[in-house]
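J.: I'd like to ask you about the structure that follows.
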Amino acid sequence: MNDLLSIKDLAIDFKTARGVHKALHNVSFSVKRGEIFGVVGETGCGKTITGLSILRLLPKSATIRGQIMFEGRNLLDLSETEMNTVRGGRISMIFQDPTSSLNPVFTVGEQITRVVRQHLRLDKRSAQIQAEESLDAVGLPDVKRVMTSYPHQLSGGQQQRHDRNGIGLPSLLVDRG
Ligand SMILES: Nc1ncnc2c1ncn2[C@@H]1O[C@H](COP(=O)(O)OP(=O)(O)OP(=O)(O)O)[C@@H](O)[C@H]1O
Ligand SMILES: [Mg+2]
């Protein structure tokens, strides 16, 4: 019973111009604290939308049914304000296509510092130091240059870097496809 994440009967439908597309039905799995859990399947089988549903990032055309229990709460019942403390604070997602999910008009340093400040309540300088330490921890060379670079100035692999726990996060979703 020490599941960190427990998904039960997850089903996702999309409203499309051609009617309702039943993209996912009756998916159930659990992930324990500290466990590394991989989901493998053919293209279009629903790996990405499963991750997006956990963070409630699916478009409005999607209907989600089922239960997503995380740290004792059903994420599908939380308000948007409560979800904002979960996203990036308790669960993070490294997106399949980082170039289009990172904000192109802010530097890497500004984007990481903003998340750190929002969740750890640090002043700007301390948050910058924390951001630099995180970049160093994932093995990126020349951290000062990376901090002032825009996402498109890094390689695809560099944009998807993460350490095992994110920045002290209990849960990290990594979408490789
Ligand atoms: N916004 C959307 N509107 C309608 N259908 C969608 C939408 N997003 C995803 N789908 C459908 O949901 C299904 C699952 O898509 P998903 O992106 O989760 O696949 P995947 O398993 O991650 O595939 P890949 O390995 O190619 O990344 C697909 O049939 C896809 O067409
Ligand atoms: Mg995918």
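J.: Have a look at Lys47, Lys60 and point out the one that is surrounded by fewer than 15 Cβ atoms within 10 Å (Cβ to Cβ) and not β-branched (Val, Ile, Thr).
T.: Just one listed residue meets the conditions, Lys60.
J.: Between a residue in the stretch 52-69 that is farther than 15 Å from Met83 by Cα and in contact (Cβ under 8 Å) with a residue 24 or more places away in the chain and any residue that is of a type outside the set (Gly, Ala, Ser) and within 14 Å of ligand 2 (Cβ to nearest atom), which pairs come within a Cβ distance under 6 Å, given they are 6 or more apart or on different chains?
T.: Ala62/Ile12; Ile64/Ile12
J.: Within the stretch 94-142, how many residues turn out to be within 16 Å of ligand 1 (Cβ to nearest atom) and of a type outside the set (Gly, Ala, Ser)?
T.: 6
Here is a yes/no grid of residues against (1) within 16 Å of ligand 2 (Cβ to nearest atom); (2) within 29 Å of Tyr150 (Cβ to Cβ); (3) in the same structural domain as Ile7 (by TED's automatic domain parsing):
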residue	(1), (2), (3)
Gly41	yes, no, yes
Gly46	yes, no, yes
Ser53	yes, no, yes
Leu57	yes, yes, yes
Ile64	no, no, yes
Glu71	no, no, yes
Val108	no, yes, no
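The values are calculated or read from the model by the stated rules, or taken from the named source; none is laboratory data. Remember, it's a predicted structure, so these values are computed and weren't measured experimentally. No Cβ is skipped: glycine too gets one built from the backbone with ideal geometry, and neighbour counts run over all protein chains shown.
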